1. Can you find, within region 1-34, the residue that is farthest from residue 48 (Cα to Cα) among those that are in contact with a strand residue (DSSP E or B) (Cβ under 9 Å, 6 or more places away or on another chain) and assigned to a loop (DSSP other than H, G, I, E, B)?
2. Among the residues in region 67-78, are any modelled with pLDDT of 95 or more, surrounded by 10 or more Cβ atoms within 10 Å (Cβ to Cβ) and in a strand (DSSP E or B)?
3. What single numbered condition from (1) modelled with pLDDT under 65; (2) loosely packed, with under 12 Cβ neighbours inside 10 Å; (3) under 15 Å from the mean Cα position of the chain (by Cα) fails to hold for residue 25?
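The values are calculated or read from the model by the stated rules, or taken from the named source; none is laboratory data. Quick caveat, the model's predicted, so the values are computed rather than measured. All Cβ positions, glycine included, derive from the backbone under ideal geometry; neighbour counts span all protein chains shown.
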């Protein structure tokens, strides 16, 4: 058996801190079956960069057109940038 001195064993969260962000809530959708009315929550940096978005009708990570990551927030919490 090989000795893996550099192996990392998952132990949970390695770091957590409270940071200042801007939270916005806005209405989306036309109210049809194809485009349900809902409230979307977005989190922005103080510099105006979109950090994350929670749209109850979307549950995957969406990549912004400019190549930046804007992870959606799931019921489990904010997903990390990919």
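1. Pass one, region 1-34, residues in contact with a strand residue (DSSP E or B) (Cβ under 9 Å, 6 or more places away or on another chain): 21-29.
Subset that is assigned to a loop (DSSP other than H, G, I, E, B): 21, 29.
On the way: 21: 10, 29: 24 Å.
Among them, the one singled out is 29.
2. So in region 67-78, the residues modelled with pLDDT of 95 or more come out as none.
Looking for residues that are modelled with pLDDT of 95 or more, surrounded by 10 or more Cβ atoms within 10 Å (Cβ to Cβ) and in a strand (DSSP E or B), one finds none in region 67-78, hence no.
3. In the conditions (1) modelled with pLDDT under 65; (2) loosely packed, with under 12 Cβ neighbours inside 10 Å; (3) under 15 Å from the mean Cα position of the chain (by Cα), residue 25 misses (1) alone.
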